[in-house]
Structure formats: C-alpha cells, structure tokens
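Novice: Below is a structure I'd like to ask you about.
What follows is calculated from the coordinates using simple rules that are stated; it is not laboratory data. Small disclaimer: the values here were computed from a predicted structure and weren't measured. Glycine also receives a Cβ, built like all others from the backbone with ideal geometry; neighbour counts cover every protein chain displayed.
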Amino acid sequence: MRWLLALLCFSLLGVGHASTSAPLADKRVDKVLVVKSERKLHLMERGEILKSYRISLGKQPKGTKVREGDSRTPEGFYWIDWRKTSDKYNLSMHISYPNARDLDNARKQGVSPGSMIMIHGTPLDDEYPEWYFHTLDWTEGCVAMKNTDMREVWNLVKDGTLIEIRP
C-alpha cells in the first residue's frame, strides 16, 4: 500500500511540473540582453531569463563602440531590425546600431560611428574549428555565437525585438 501512495505522489509531482514548464518554443522572447562582462546573451520574457548562451565580442571588448573600425561592441538599447543568411558567418541578425546617442557622440568627436553590427554565427573554416572562435573575442564589434546556438536564437527572436547590450 505504501508503494502505491508513493507512486501516486510522484506521478502528481510530475504532472504539476509538466504543466508549469512550457518548452522554450512556446515562450515569446520580448528582449535580448547581452552582458559583455559575462560573455552571455540572455533570451528574456517579461524580465525572466528563458535561456542563456556563451558569446564572443569585438576584439576590443571593454568600453562601448565609439567609431567605425574600433573593434568594440556597442552598449545601449537597440532593436533586432532585420536578418539574413551569410556566406561568411552563417545566420546573422542586424542590431540597429547606431542609435541617436551613438550618432551624437560620434558627431561630437568628428568620426563615423560605424554600422553593420550583427549577432551572427561562426565561420566554417577548415583551418580553425568552431570551438576556436568560441573561446576568444574575435569580431569587428559584432556578437558571435556557436552556429547551433545561432540557429536556435534565429528561430526564437523575431525582428523588432528589443536588445540591450550592457558592459
């Protein structure tokens, strides 16, 4: 009789857990949060982290992007505004850099702020395997991810999604 009661309790726990934990595909990502110091990209829904990924940044990861060619990843609030497949970096999603603050800062310094900041995958290269890129900051200012992670983010994040990039 005790084993029957224990079985009933465990099955009720399983049912309760299954109903409260919806698959990631059933969630709506309403924000992408990049924390540069952690090398993490978080997919968020209403302030809750749904999933996190390891990322690589620009070759100069400290500080915000100031000008074209500085190899820094910007910091601030932007939008994922369009996407494309890329021969060089597989899938890529464009970040709406520069925003008004970035444009004003660049204008004050008399420089071009740059553009074409993306979230993208890693190159398929016979000389350097994917894990090599995944362990260092190597981009010109973009946010790079493993290709399997990028495919997942591509499917979960819609154009028009807010992206915040923090130091």
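Novice: Could you figure out which of (1) touching a Phe, Trp or Tyr at 6+ places or on another chain (Cβ under 6 Å); (2) part of a loop (DSSP other than H, G, I, E, B) isn't true of Leu41?
Specialist: (2)
Novice: Sort out which residues of the stretch 79-138 are touching a residue at least 40 places away in the same chain (Cβ under 8 Å), under 15 Å from Lys65 (Cβ atoms) and assigned to a strand (DSSP E or B), and write them in order of number.
Specialist: Once the filter is applied, which keeps residues that are touching a residue at least 40 places away in the same chain (Cβ under 8 Å), under 15 Å from Lys65 (Cβ atoms) and assigned to a strand (DSSP E or B), the stretch 79-138 yields Ile95, Ile119.
Novice: Which count do you get for residues in the stretch 139-148 that are outside any loop (DSSP other than H, G, I, E, B) and of a type in the set (Gly, Ala, Ser)?
Specialist: Residues flagged as outside any loop (DSSP other than H, G, I, E, B) and of a type in the set (Gly, Ala, Ser) within the stretch 139-148 amount to 1.
Novice: Being touching a Pro at 6+ places or on another chain (Cβ under 6 Å) and of a type outside the set (S, T, N, Q) is true for just one of Lys36, Lys40. Which residue is that?
Specialist: When all the criteria are applied, what remains is Lys36.
Novice: Which of the residues belonging to the stretch 41-64 are in contact with a helix residue (DSSP H, G or I) (Cβ under 7 Å, 6 or more places away or on another chain) and either within 18 Å of Asp137 (Cα to Cα) or aliphatic (A, V, I, L, M) (or both)?
Specialist: Across the stretch 41-64, the qualifying residues are Leu43, Leu50, Tyr53, Arg54, Ser56, Leu57, Pro61.
Novice: Looking only at the stretch 101-149, count how many residues are surrounded by 22 or more Cβ atoms within 10 Å (Cβ to Cβ) and of a type in the set (Phe, Trp, Tyr).
Specialist: Final tally of qualifying residues: 0.
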